[in-house]
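One structure is given below, encoded as structure tokens.
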Amino acid sequence: MSKSKSSKANRQKSQHTPHTPHTSHTPHKTRGTLLTIALVVIVLHGLAAAVFYAVARLDTSLISRPWVLGLMSIHFLANVVAAVGIWYWKKWGMYVYAGSAILALVVGLVTVGIWSVFYMILPLVILGWLLRTKWDYFEGA
């Protein structure tokens with residue numbers, strides 16, 4: 001009789017453990033210092049540059065291609081949106097950032113030339129390097 005009582009008590013213990021913390025199979029998401037700094041810089045740079053390009057559009061007399069200013073404003077605002085998405089671990093943030101980099105590259109190739117490849121793609125490469133160990137943290141499309 002005592003054997004069945006101890007067996008029953010063991011089953012109850014294994015079924016109900018109120019002091020055991022809930023463990024999830026999702027990894028603990030840590031951004032890290034460098035990624036946090038990079039995302040903050042992307043947001044601040046994007047806001048400042050978007051304002052600069054928007055103000056520059058007011059006087060297009062010295063610019064041969066004023067449409068460039070509008071596209072670059074879109075590029076920098078997209079970077080801000082992308083950084084917010086990446087901050088919250090959303091895959092769409094990475095897609096927006098990659099699309100924004102491609103937009104900037106195309107505009108740079110049309111206006112500046114081949115040199116734009118370096119400074120338009122470098123931020124994408126740096127962000128990709130910072131995220132290289134964090135791909136599993138991202139969720140959603």
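Just so it is clear, none of the values below were taken in a lab; they were calculated from the coordinates. Predicted model only: the values in this text are computed from it and were never measured. Reconstructed Cβ throughout: ideal geometry from the backbone, glycine too, with neighbour counts over all protein chains shown.
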Once you have all Cα-Cα distances for region 77-141, histogram them in 10 Å bins from zero and send the whole-percent values. 23, 49, 23, 5
What value does region 31-133 have for Rg/Rh, both radii from Cα atoms and Rh as Kirkwood defines it? 1.00
Calculate the spin-label point distance for VAL84 paired with THR133, positioning each point 7 Å from the Cα along the beta-carbon direction, and give it in nanometres. 3.0 nm
Would you grab the residues whose amide H sits under 5 Å from the one on LYS90? Only those 5+ places off in sequence or on another chain, please, with H modelled 1.01 Å from N. GLU139
Can you work out the Karplus-derived ³J(HN,Hα) for every residue in region 73-86? Use 6.51 cos²θ - 1.76 cosθ + 1.60 with θ = phi - 60°, whole Hz, and x for glycine or proline. 4, 4, 4, 6, 5, 5, 4, 5, 4, 4, 5, 5, x, 5
Once the piece of chain linking LYS29 and TRP92 is laid out straight, how much longer is it, given 0.36 nm per residue of separation minus the C-alpha distance between them? 21.0 nm
Report the trypsin sites (Lys or Arg not before Pro) located in region 87-141 that are in a DSSP loop and have at most 15 other Cβ atoms inside 10 Å of their Cβ, or state none. ARG132
What nm value, rounded to one decimal, do you get for the distance between VAL40 and ASP59 when each label is placed 7 Å out toward the C-beta? 3.4 nm
Using DSSP to call loops (not H, G, I, E or B), can you name the chymotrypsin sites (Phe, Trp or Tyr not before Pro) in region 62-141 whose Cβ has at most 14 other Cβ atoms within 10 angstrom? TYR88, TRP115
